[in-house]
Structures are given as C-alpha cells and as structure tokens.
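Here the structure is laid out as structure tokens; the discussion comes afterwards.
The values are calculated or read from the model by the stated rules, or taken from the named source; none is laboratory data. None of the values given here were measured: they were computed from a predicted structure. Quick reminder, even Gly has a Cβ in these numbers, built from the backbone with ideal geometry, and neighbours come from all protein chains shown. Ligands, DNA and RNA are excluded from the accessible area calculation, which covers all protein heavy atoms including side chains. Shrake-Rupley method; radii C 1.70, N 1.55, O 1.52, S 1.80 Å.
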Amino acid sequence: MSKIYVKRYSIIDRLMHWSVALGFVLLSITGFVIFFQGSASLLNSNIGSFIRILHRIGAVLFIAAPILYLLFSKKRWAWSEAFKWDKSDIGWLKAAPKHYFIGGDGMPPQGKYNTGQKLYYLFALIGGLLLAVSGLALWFDWFAGKTNFIVLIIHDLSAVILVAFFFVHLYLTSIHPRERKSFEAMATGMMEEEYAKHHHERWYNEVKETDLVVIEENKNSSKIKPITSNNLSH
Amino acid sequence: MTRYGMLIDSTRCVSCFACRLSCQTINSLEIDKAFIHFVEKEEGVYPNVKVQTLPIQCQHCEDAPCVKNCPTGASFQRKDGIVLVDEEKCIGCKYCITACPYDARVELKKDKLVQKCNFCYQELEKGNQPACVQTCIPEARIFGDLDDPNSEINIEIKKRNAKPILSQYQTKPKIYYVNEIKVQEQTEKDIAGLTSLRSDLIKPAAGMVMGAAVAGLAANYVVATAVKNKEEKEKRGEENHE
C-alpha cells in the first residue's frame, strides 16, 4: 500500500519542538510541586533537591532549543507566521466552537498554521519569553525585594496561562477524535495529503508542487520516494 | 495564654553589640552571619555628636508574611507566638527573605537554609531569658509575656510609651521599641498586598483555571466522540441499506 504525504516538519523542526516539549513538561510538573502548598512539602526530602535540579534541566531544554533554532535553522523566521492575521481568522474563530464539538465544514481555508495554532503559537512565544526571562531572574537573583516578588508573580501567571493552553494543544493534537491525526506530523514530519488538503488548504496549494512524497508501506519496511513529474499523475 | 514579646529601649543602648555576639555564639552562626543587625544614626557636629543605635531582629509578627509565603510550612508560628524555621522542611527558596519587611532573615552558608532569631526558645524551656537579653549590659532589653497585664514588659511598654517599628506594614510585630531614630520605610519591602494577592487569589484561581480547561476539554471529548460515532453509524447504516 502506498500513500501520499506532504513534508511538513524537518528533523530540526521536530528536535526543537520535542526539546521544548520535554522541557516544558518537566518545568510545569516540578514547578507546580512548589507552587501548590500541599505538594511543596514533598520538597523537604531528598526527592526535593532532585526535583529542583529537574526544574533547571527543564529550563535549559526549554530555552536552549529555540535559541539554537533561531541561530542555525533556515526556517528561523517561521514564528513570524503567528503574527499574520487577516479576515479569514475571524471566520475561523466564529466557526471553531461548532467545528470542534460537532464537526462539519464551514471553516475558511487555512495556511500552514490555522488560526487556533497561530493563537497558541503567539501565547507560547510571549508566555515562553516571559517565563524564561522571569525564571532566569529568579534563578540568578537579578532582583531583590518587591521587584523580585513581582517577577515571581509574572512567573506564576505566565506559567498558569501557558499550561492551560498547553492542555488545549495536547488535547487537540493527540486526543480529540477528529484532530488527533495531526500528531503524526510532529512525530514523523509527514502529513497525510488528505488531511493537509482538508485542514491547511492554502498551505497545501503552495507546496503541492514541491513537497509531496509517496510512502510505500510493506509489512516490514516503508520506503519514501519523492514525487517527480513521472508519478504525479494520480 | 502566653505570648512572648520584647521591649528594646534604644535610648539605653550603648552600641556594644554584645547582643549580636551572644546571639551568634548561642546559635553557632558563621562569623559574618547574624540574626541581629543595627540601624545607626549620627546627629550633630563634632564635638556635639549624638549616636543612636537600633538593634533589629525577627519581630515574631502575629501576621507574619514569612509564614504566609513559605511553600513548605517550614516557617511556622507556635502557640506562644514565637515564629520558627523547621530546618527539616526548609528548601532554601528564600521567599521568606523577600517577604520580611525587617530584613530579619539570614541565608546560612553551610547548608543554604534560612534561619533567624528564635527568641532562644530552648533557653526559655530551661527557665532562662534569651541570650541577647541576658547579655545586655545597660539592660535595654526586657523580655516577657505580652498577654499578662502585670508582667514587667507590659508595665514598661506603657510607662515608656514603646511602639513597634515599621507598623505600617501591618504585620503586628511583637518587639516594642523606645527610640528617637526613625527606621526608614523600605518601599521595596512593602509587599504585604502582593503576598496576600499571591496566596489568596492567584493560587486558588490558578487551580480553577487549569481545572476549567481540563473539564472543558473532557466535555468536548465526550461530545465530539459521540457525534463522530453517530455519524459513522449512520454512514454504515446507509452503506448497508444500499
């Protein structure tokens, strides 16, 4: 059996994503342990110092990966997509509640990222930046007194907002019955042609000439063939 | 009920700093760490100079911001009003240092934990006075029970019109001062509002926001799955029909 896929995320994109994801999960779990009074008593024990080191490791993953990406990836400006909004985004927001509960069409055609993804991207960018800067300030004692406490509150608020959005992100990409297919794209880098056509029509039209591949799935192995003008006749 | 407090008459203080030394000794502190620090003020031109010293240590506040901010419950208040740090529970996060308006808390170098004046509670159990009171040469310090109207400290507080310092932070401190020096308000320490904002509003609201997000998503899952299953069933039904 063979299927047509669209190339969506390179190996570099995925490494960046999963490094940030791992960092963020480590950070939020260890962070909430100290945030909530009840669980904070865990930190007395030897596990406590381990939890605190995990928080630092998470921070390094969370901060270093985007910086390396920004320095070395050819797609370093991809995040600017999150700032490009137009009328179709308003249409998307209006149609979204019905679409995500009941399904059905009526969503305006979307680019590589749909409005919801752009919204999450925006929150991740701004919230992530706030988290990282306030976190470094707390880690290295940049401030004292009242300023330090305000920094702590900024750290709290950006973490809570980001975690709430992260739940939505996690849910839509891996649990929602109609959308969970999109998980494949960040796992393998490939998106099914059908899914791409349906969910990201504008993007699909841009890349269908160049970025399609055929994956032949045998029992034991799968072969990836780039699509050339010869086999484009499907 | 017993509620320990102290009176410090800084007009009697001779700036010998013996209280700090005895405190460091009894608590086995490192040489550059101390639970008592001094605010000093000089007035006049030589030879008519007046020096005033105000010893400051943990005020064992009734509404202690350090206790409120401690995430692990390491900082706590005993029934007799003494605020203590349980070193077994302290994780060295230093939120309490930030919260204390009196700068009374010290990060110990040896294990990076936070400690402070404990009113020498172990000496009290033996029937002694705190070390700083015992050692004060001009007897500028009086220690006792604030709940007992006939105690020496209560009588002297009234007689000398002693008042807590920095009472504008509204932490209800239990050290009363007779002083001619004004301790400067530290605006960067005025965080009582912020600390209660964090513990009384942000923390419960955070739990609710995240709970609401999870609940909303769960509801979506139930509805979306039901709709999808129904559609698939209908599809299959139609196919069978055909």
For this session: Give me the percent of the accessible area of chain B that comes from carbon and sulfur atoms, probe 1.4 Å, all protein chains in place.
Result: 52
Exercise. Are there residues in the stretch A:111-149 whose accessible area shrinks by at least 10 Å² when all protein chains are included rather than the chain by itself, and which are they (probe 1.4 Å, ligands and nucleic acids not counted)?
Worked result: A:D141, A:G145, A:K146, A:N148, A:F149
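Divide by every residue of the protein assembly as shown the summed helix terms, -39500 (n - 2.57) for each DSSP H run of at least 4, and state the resulting mean residue ellipticity at 222 nm, rounded to the nearest 500 deg cm²/dmol.
Details: 17 runs with 228 residues, N = 476.
Value at 222 nm, helices only: -15500 deg cm²/dmol.
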Exercise. Rounded if a/c is under 1.5, else prolate if a/b beats b/c, else oblate: with a ≥ b ≥ c from the C-alpha gyration tensor eigenvalues square-rooted, which is the stretch A:41-110?
Worked result: oblate
For this session: Estimate the FRET efficiency between B:K112 and A:F101 by the formula 1/(1 + (r/R0)^6), using the beta-carbon distance for r and 45 Å for R0, to the nearest 0.05.
Result: 0.30
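Select from the stretch B:145-182 those trypsin sites (Lys or Arg not before Pro) which occupy a DSSP coil region and have at most 13 other Cβ atoms within 10 Å, ordered by residue number.
B:K182
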For this session: Please build a GNM for chain A, connecting alpha carbons under 10 Å apart, and tell me which residue among A:K98, A:K181, A:K197 fluctuates the most.
Result: A:K98
Exercise. Are any of the pairs B:K159/B:K182; A:K181/A:K208; A:K208/B:K235 more than 29 Å apart by Cα-Cα distance, and if so, which?
Worked result: A:K208/B:K235
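Over the stretch A:1-94, with the other protein chains present, what is the accessible area per residue in square angstrom, probe 1.4 angstrom?
Values: 5730 Å² over 94 residues.
Using a 1.4 Å probe on heavy atoms only, each residue of the stretch A:1-94 averages 61 Å².
Taking every pair of Cα atoms in the protein assembly as shown, average 1/r, invert it to obtain the Kirkwood radius, and report Rg/Rh to two decimals. Working shown, then result.
Numbers: Rg = 31.9 Å, Rh = 27.4 Å.
Checking Rg against Rh, the ratio lands at 1.16.
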Problem set entry | Set of aspartates and glutamates near B:K233 by C-alpha distance (under 18 Å), chain-local residues within fewer than 8 positions excluded | B:E242
For this session: Treating cross-link reach as a plain straight distance, find the lysines whose alpha-carbon is under 17 Å from the alpha-carbon of B:K110, omitting any fewer than eight places away in the same chain.
Result: B:K33, B:K89, B:K94
Problem set entry | Per chain B, cysteines lacking a partner by the 4.7 Å Cβ criterion | B:C13, B:C16, B:C23, B:C61, B:C70, B:C90, B:C93, B:C100, B:C120, B:C136
Exercise. Computed on protein heavy atoms with a 1.4 Å probe, what is the summed buried accessible area for the chain pair B and A, in Å² to the nearest 100?
Worked result: 3200
Seminar exercise, completed: The size of the Cβ-based charge dipole (Lys, Arg +1; Asp, Glu -1) of the stretch B:56-145 about the Cα centre, to the nearest 20 debye, is 300
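Using the Kyte-Doolittle scale, find the helices of chain A whose mean hydropathy is at least -0.5 and whose Cα atoms extend 24 Å or more along the helix's long axis, counting only whole DSSP H runs. Before the final figure, lay out each step's value.
Working: long enough: A:11-35 (35 Å, 1.71); A:46-72 (39 Å, 1.62); A:115-139 (35 Å, 1.33); A:145-174 (43 Å, 1.55).
The answer, listed by residue number, is A:11-35, A:46-72, A:115-139, A:145-174.
Please compute the per residue accessible area over the stretch B:191-242 with all protein chains in place, 1.4 Å probe, rounded to a whole number of Å². Display every interim value, and only then the final one.
Working: 3380 Å² over 52 residues.
On a per-residue basis, 65 Å².
So what is the accessible area of the stretch B:77-177 per residue, in Å², with the probe set to 1.4 Å?
Values: 4900 Å² over 101 residues.
Accessible surface, normalised per residue, equals 48 Å².
Take every Cα-Cα pair in the stretch B:4-190 and report what % of them are more than 30 Å apart.
On the way: 2810 of 17391 pairs.
The share of Cα pairs beyond 30 Å in the stretch B:4-190 comes to 16 percent.
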Problem set entry | Cα-based shape type of the stretch B:109-188, given that a ≥ b ≥ c are square roots of the gyration tensor eigenvalues and the cut on a/c is 1.5 | oblate
Exercise. Toward the positive end of the charge dipole of chain B, about the Cα centre and with charges on Cβ (Lys, Arg +1; Asp, Glu -1), which of B:Q134, B:Y4, B:Q115 goes farthest?
Worked result: B:Q134
Problem set entry | Shape call, the stretch B:1-82: gyration tensor on alpha carbons, a/c limit 1.5 | prolate
Problem set entry | Within the stretch A:77-145, chymotrypsin sites (Phe, Trp or Tyr not before Pro) in DSSP loop having at most 15 other beta-carbon neighbours inside 10 Å | A:W77, A:W85, A:F140, A:W142
Seminar exercise, completed: Expected output for the stretch B:68-85, residues with a loss of 20 Å² or more in accessible area relative to the chain alone at probe 1.4 Å, reads B:P71, B:T72
Exercise. Looking at chain B, do any whole DSSP H helices span at least 30 angstrom along their long axis by alpha carbon and average -0.5 or above on Kyte-Doolittle, and which?
Worked result: B:203-241
For this session: Could you tell me which of the pairs A:K7/A:K74; A:K118/A:K197; A:K84/B:K228; A:K7/A:K112; B:K112/B:K174; B:K116/B:K174 are separated by over 21 angstrom between their Cα atoms in the structure shown?
Result: A:K84/B:K228; B:K112/B:K174
Problem set entry | Taking only Cα atoms of the stretch A:2-226, radius of gyration then Dmax in Å | 20.2, 64
Exercise. Which aspartates and glutamates does B:K109 reach when only Cα atoms under 17 Å apart count, and residues fewer than 8 places away in its own chain are ignored?
Worked result: A:D141, B:E30, B:D32, B:D86, B:E87, B:E88
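Roughly speaking, to the nearest percent, how much of the stretch A:140-189's 1.4 Å accessible area is carbon and sulfur? Mind dumping the intermediate values first?
Values: 1710 of 2340 Å².
Looking at the stretch A:140-189 in its full context, I get 73 percent from C and S.
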